[in-house]
Amino acid sequence: MDFFKRFKTNTHKPVKGVRNFLKYVGPGLLVTVGFIDPGNWASNISSGADYGYVLLWMVTLSTIMLIVLQHNAAHLGIVTGDCLSESATKNLSKKVSIPVLITSLLAVIATTMAEVLGGAIALKMLFHLPIELGAVLVSIFVLLMMFSHSYAKLERYIIAFVSLIGISFIIELAMVPVDWNAAAKGWVTVSLPDGSIPIVMAVLGAVVMPHNLFLHSEVIQSREFNTADDKVIKKQLKYEFLDTLFSMIVGWGINSAMIILAAATFFKNGIAVSELESAQRLLAPMLGNMASVIFALALLFAGISSTMTALMAGGSIFAGMFNEPYDIKDFHSKFAVVATLVISTIIIFFVSDPFEGLIYSQMLLSIQLPITVFLQIYLTSSEKIMGKYKNTAFTKVLLIIIAIILTILNVMLFKELL
């Protein structure tokens, strides 16, 4: 049974105008949660603390890539009614689809570990709980949320969390003297200081996340109407793009705010940050206790909400391997959600340095990312799969350029690490 079936109808067309757009807002914000997760916090705080404002361009570049990639993934879901995993299973041989999807599942485990770890770090900040206990509590809470609420309710909760995270950083930035001229230059000027490639790749992996491409192609189907009507499909694509654009800009703003906060506090004062707990502790004498509490609460919201979306993506990928849509009530989706969360939580017990664990989890995502992007390009460029809605020549070239950039950056990362 399709998890999103209750939101679909084959008899009604969308309401026109602003009301129609507002009905579409949601899937893009779920994706946004994935790139304001605890892994982003670690990558962005490191970026700002070590290099000031100069790596803000990476957030801009990553967000532009993200808009193109996420719209393209949603395009597949709208036109075919399949997520990336289902489409790969249907249209590729098992020798190709299974290895590709397994690497995607490994990426989901890596990112889920980071999300749960981030929530555990936040609980340690707020209540001085051990990381291991915090990880177990976050995992239990997330499971209760996912198994006791419908998708519609989860979407509303997650949108609320995104709003609270955004408000938190607006408050934080209001407390610090920001060099906005340096920030503006950093957003548009490409710079690679010595030794910055690992952090650049971590920021990239933290923004352009492979599991989000699977997630978007799945959750966009909660906004399906009449896919037999070309006019309706075109409206869906238009409003989906607006939702994606709006949501990605929100994510760009929050990611930028993390780097700017670190640059204006830690980099300005020559303070190295080796863990999120130290970042929170250092904010208190600089900005007051309220700032450190807000920082920890926003991290907790980010950890919980991003864990839920990562698990949705994992469930979608695994169910798709059996040619099924994501449905938390079905065995394959349920198994993937529980297994991913359990494995990720167990890994945390063996992570000696939580901050480095967050950083390296994001680098692993960036390594898998080109595989998912090339898979997506193949599927969305196929006339057999997409019909007349296949990628235009321009879109295909743009996607290939993005994939090549991602691949080159990964080669640079390996060269830096070896």
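The values are calculated or read from the model by the stated rules, or taken from the named source; none is laboratory data. Just so you know, these numbers come straight off a predicted model, no measurement behind them. Cβ coordinates were reconstructed from backbone atoms using ideal geometry, including for glycine residues, and neighbour counts include every protein chain displayed. Note: areas computed on protein heavy atoms with side chains; ligands, DNA, RNA excluded. Shrake-Rupley method; radii C 1.70, N 1.55, O 1.52, S 1.80 Å.
The residue pairs whose first member lies in the range 185-199 and is over 25 Å from Val411 (Cβ atoms), whose second member is of a type in the set (Gly, Ala, Ser), and whose beta carbons are closer than 9 Å, counting only pairs six or more residues apart or on different chains, are Trp187/Ser256. Output yes when any residue across the range 369-387 is farther than 18 Å from Val79 by Cβ, outside any helix (DSSP H, G or I) and open to solvent by less than 80 Å² (accessible area, probe 1.4 Å), and no when none is. Checked against the condition, which is being farther than 18 Å from Val79 by Cβ, outside any helix (DSSP H, G or I) and open to solvent by less than 80 Å² (accessible area, probe 1.4 Å), the range 369-387 yields no hits at all. For the range 288-319, enumerate the residues that are free of Cβ contacts under 8 Å to residues at least 60 places away in the same chain, open to solvent by 20 Å² or more (accessible area, probe 1.4 Å) and under 25 Å from the mean Cα position of the chain (by Cα). Within the range 288-319, no residue meets the criteria.
Does Ser104 qualify as being over 22 Å from Leu204 (Cβ atoms) and touching a Ser or Thr at 6+ places or on another chain (Cβ under 8 Å)? Before the answer, list the steps.
Numbers: over 22 Å from Leu204 (Cβ atoms): no; touching a Ser or Thr at 6+ places or on another chain (Cβ under 8 Å): yes.
For Ser104, the condition - over 22 Å from Leu204 (Cβ atoms) and touching a Ser or Thr at 6+ places or on another chain (Cβ under 8 Å) - is not met.
Pull out all pairs, ordered by first then second residue, where Cβ-Cβ is under 6 Å, the residues are six or more apart or on different chains, the first lies in the range 361-385 and is free of Cβ contacts under 8 Å to residues at least 60 places away in the same chain, and the second is open to solvent by 20 Å² or more (accessible area, probe 1.4 Å) and not in a helix (DSSP H, G or I). Short answer, once both residue conditions are applied: Ser381/Lys390; Glu383/Lys390. Residues in the range 255-287 that are among the hydrophobic types (A, V, I, L, M, F, W, C), assigned to a helix (DSSP H, G or I) and open to solvent by 10 Å² or more (accessible area, probe 1.4 Å): Phe267, Leu282, Ala284, Met286, Leu287.
You will find that of Val178, Val207, the residue that is more than 30 Å from Thr407 (Cβ to Cβ) and open to solvent by less than 60 Å² (accessible area, probe 1.4 Å) is Val178 and no other. Against the definition (closer than 17 Å to Leu398 by Cα and either open to solvent by 30 Å² or more (accessible area, probe 1.4 Å) or among the acidic types (Asp, Glu) (or both)), how does Thr80 come out, yes or no? The answer is no for Thr80. Annotation note: of Ala114, Ala160, the sole residue that is open to solvent by less than 10 Å² (accessible area, probe 1.4 Å) and assigned to a helix (DSSP H, G or I) is Ala114.
When the residues of the range 181-195 are narrowed to those that are over 17 Å from Lys268 (Cα atoms) and part of a helix (DSSP H, G or I), which ends up most open to solvent (accessible area, probe 1.4 Å)? My answer is Val188. Is it true that Glu277 is in contact (Cβ under 8 Å) with a residue 24 or more places away in the chain, over 18 Å from the mean Cα position of the chain (by Cα) and closer than 20 Å to Gly134 by Cβ? It is true that Glu277 is in contact (Cβ under 8 Å) with a residue 24 or more places away in the chain, over 18 Å from the mean Cα position of the chain (by Cα) and closer than 20 Å to Gly134 by Cβ.
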